[in-house]
Amino acid sequence: MQFLPISKSFFDQLADAASEVILPHFRSSLAVENKDAAAFDPVTVADRGAEVAMRALINSTYPTHGILGEELGDEALDAEHVWVLDPIDGTRAFISGLPVWGTLIGLRHNGKAAMGMMAQPFTTERFFGDGNEAHYFGPGGNRPLKTRRCESLSAATLFTTTPTIFTAEERPRYDAVERQVRLARYGCDCYAYCMVAAGQVDLVIEAGLKAFDVTALIPVIEGAGGVMTSWTGGDAGDGGRVVASGDPRLHEQVLKILNS
């Protein structure tokens, strides 16, 4: 069945609904819960409340659509259109008062990431893509997003949330890439991917991700001219080990190292 794109205005409505819930809690003394008994995986009332607000809007506007959300479970995942929601990607940054978290709103069509938005309510920035085009909306002026040329690792800027996300088997492969880049920086979660799309960063390498961490970002990266795959070059839509590159030539170099 042919995909009929959802208007960007509906993504904006979802982002607005999430923002109204989240912003009053940012840089406040809100309580933090831990979702993982074996590690620290924080969640707050802001995460849950924002997802409730977005789900209500989707259910009332597109009742036949499915929803995959980080905090509140799944609805009709076999539907033709499935929304993939992460109300606060980067909750650790959020509870630390750092504005590098974002609301991720992705839309799958027949299982593939088709459209996506990263909204940062505090900076009022939004990054939107449909796989063919990508655009920035915010204080810097609305404009198309375009990745930058970077043919060699020696000229590249690399981001990852933290090297501690990698397993003992993954870490040496990541380190082999990091040793060859010009600059490596840590943190920023979803914001780093948007900087790839904006031509500010060349590469993001991560592992242990879920579908709601990546679905919204794939159409933004690809719409800006970049590439986002698994470490083996496959579909990144379910998360796991992910590489996002601004230049396809750089991407091929990185995949060779990660799989060598």
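Going through LEU145, LEU85 one at a time, which residue ends up being under 15 Å from the mean Cα position of the chain (by Cα) and buried (at least 18 other Cβ atoms within 10 Å of the Cβ)?
LEU85
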### Query
Condition test on ARG173, is it among the charged types (D, E, K, R), out of contact with any Ser or Thr (no Cβ under 7 Å at 6 or more places or on another chain) and touching a residue at least 60 places away in the same chain (Cβ under 8 Å)?
yes
Within the stretch 69-91, the residues that are of a type in the set (D, E, K, R) and either at positive phi or in contact with a strand residue (DSSP E or B) (Cβ under 6 Å, 6 or more places away or on another chain) (or both) are GLU70, ASP74, GLU75, ASP86, ASP89
For helices (runs of 4 or more DSSP H) lying entirely in the stretch 164-260, having 2 or more residues that are outside the structural domain of ARG126 (by TED's automatic domain parsing) and under 17 Å from TRP101 (Cα atoms) picks out 190-197, 211-214, 217-223
Query raised in the report: Within the stretch 56-67, can one find any residue that is buried (at least 23 other Cβ atoms within 10 Å of the Cβ), over 21 Å from MET115 (Cβ atoms) and in contact with a helix residue (DSSP H, G or I) (Cβ under 8 Å, 6 or more places away or on another chain)?
Result: no
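Residues are listed down the side, and each one gets a yes or a no for (1) modelled with pLDDT of 95 or more; (2) in contact with a strand residue (DSSP E or B) (Cβ under 6 Å, 6 or more places away or on another chain); (3) of a type outside the set (Asp, Glu):
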| position | (1), (2), (3) |
| --- | --- |
| PHE127 | yes, yes, yes |
| ASP130 | yes, yes, no |
| HIS135 | yes, yes, yes |
| LEU145 | yes, yes, yes |
| CYS150 | yes, no, yes |
| SER154 | yes, no, yes |
| LEU158 | yes, yes, yes |
| ASP175 | yes, no, no |
| GLN180 | yes, no, yes |
Residues of the stretch 163-189 being surrounded by fewer than 19 Cβ atoms within 10 Å (Cβ to Cβ) and on the phi > 0 side of the Ramachandran plot, in sequence order, are GLY187
Residues of the stretch 88-100 being in contact with a Gly (Cβ under 9 Å, 6 or more places away or on another chain), crowded, with 24+ Cβ neighbours inside 10 Å and within 16 Å of LEU30 (Cα to Cα), in sequence order, are ILE88, GLY90
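The values are calculated or read from the model by the stated rules, or taken from the named source; none is laboratory data. Every value quoted in this text rests on a predicted model; they were computed, and no experiment measured them. All Cβ positions, even for glycine, are placed from backbone atoms using ideal geometry, and neighbour counts span all protein chains on display.
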